[in-house]
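> Take a look at this one; I'll ask things after.
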Amino acid sequence: KAGVTQTPRYLIKTRGQQVTLSCSPISGHRSVSWYQQTPGQGLQFLFEYFSETQRNKGNFPGRFSGRQFSNSRSEMNVSTLELGDSALYLCASSLSGLPNYEQYFGPGTRLTVT
Amino acid sequence: DQQVKQNSPSLSVQEGRISILNCDYTNSMFDYFLWYKKYPAEGPTFLISISSIKDKNEDGRFTVFLNKSAKHLSLHIVPSQPGDSAVYFCAASALSGSARQLTFGSGTQLTVLP
């Protein structure tokens, strides 16, 4: 069974630009969550999608948005990039997200904002 | 406001000895706890979990202990192996309506010395 895939793996953008990251979950998984990892901060929850609907959202500004398609693939968009957005962005998929919640993570997209 | 804290950013242990990683939480609504392991350039990998109705869960060399009254959990690895060297994240989950999200600690870098 193929794991969670994320594209691209590395990205360099300039302040003020926007970026779209993609995540393909494990086949059959309907829940996709996104996280931001920065040094010393651990993983910060961005949002979760289930059946094309945003089911949960973390404390990030509106510049961060996402969506999920009917095949469960998900995209995350960050507009008006800031230097502080430089981070590893991880997506994780699970069957349903409830309960006995075990997620499977992708390798992440390393975003550098200059 | 960090609801899940891993106060030790790093830990070094000799091969064959026990590794004990600690995690504290503040939210009494958390009812499910997980440990993830992360190698460089890879996404976190689920390791072991425990429900709040239990105080111990064991899986091979890995045991997680939960002390609800102290809001503390720990991961024991016995015996430790060099391949266990990685960053370990604890995470906690609470149900909110129909949604769940994981709150992660900032991670502990474990180094197992040969």
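Each value in this text was obtained by applying a stated rule to the coordinates, not by laboratory testing. Keep in mind that what you see is a predicted model, and the values were worked out from it rather than measured. Positions of Cβ are backbone-derived with ideal geometry, glycine not excepted, and every protein chain shown enters the neighbour counts.
> Just grab the label-to-label distance for A:Arg30 and B:Thr111, each label 7 Å out from Cα along the Cβ direction, in nm (one decimal).
Calculated label separation equals 4.6 nm.
> Within region A:34-63, list the trypsin sites (Lys or Arg not before Pro) lying in a DSSP loop whose Cβ has at most 14 other Cβ atoms in a 10 Å radius.
Taking region A:34-63 and a limit of 14 other Cβ atoms within 10 Å, the loop trypsin sites (Lys or Arg not before Pro) found are A:Arg63.
> When chain B is modelled as a GNM with alpha-carbon springs shorter than 10 Å, which of B:Ala41, B:Ala86, B:Ala70 fluctuates the most?
Most flexible of the set in this elastic network: B:Ala41.
> Okay, next question. Can you give the extra length, in nm with one decimal, that the chain gains between B:Met29 and B:Gln14 once fully stretched, where that is 0.36 nm per residue apart less the Cα-Cα distance?
Working it through step by step, the gained length comes to 1.8 nm.
> Here's another thing I want to ask about it. Work out how much length A:Thr5 to A:Phe60 would gain on full extension: take 0.36 nm times their residue separation and subtract the Cα-Cα distance, in nm to one decimal.
17.5 nm
> How far is it, in nm, from the label point at A:Asn71 to the one at B:Tyr39 when both lie 7 Å from their Cα along the line to the Cβ?
That separation, rounded to one decimal, is 2.9 nm.
> Can you compute the modelled spin-label distance between A:Glu82 and B:Glu58, with each label point 7 Å from Cα toward Cβ, in nm?
Each label point is offset 7 Å from its Cα along the Cβ direction, giving 4.9 nm.
> Evaluate 2.2 N^0.38 Å with N set to the residue count of chain B, then give the Cα radius of gyration divided by it.
Numbers: Rg = 13.7 Å, N = 114, 2.2 N^0.38 = 13.3 Å.
Relative to the 2.2 N^0.38 Å estimate, chain B comes out at 1.03.
> Could you tell me, in Å, what Rg and Dmax come out for the Cα atoms of chain A?
13.3, 40
> Other chains near B:34-47: what is the mean number of their Cβ atoms within 10 Å of each residue's Cβ? Before the final figure, lay out the partial values.
Details: counts 4, 0, 5, 0, 5, 0, 0, 5, 4, 16, 10, 2, 7, 0.
Mean partner shielding for this stretch: 4.
> One-quarter of the Cα convex hull surface for the protein assembly as shown, in nm²?
It is 12.5 nm².
> Cα centroids of region B:86-114 and region A:63-78: how far apart, whole angstrom?
Cα centroid of region B:86-114 versus Cα centroid of region A:63-78: 23 Å apart.
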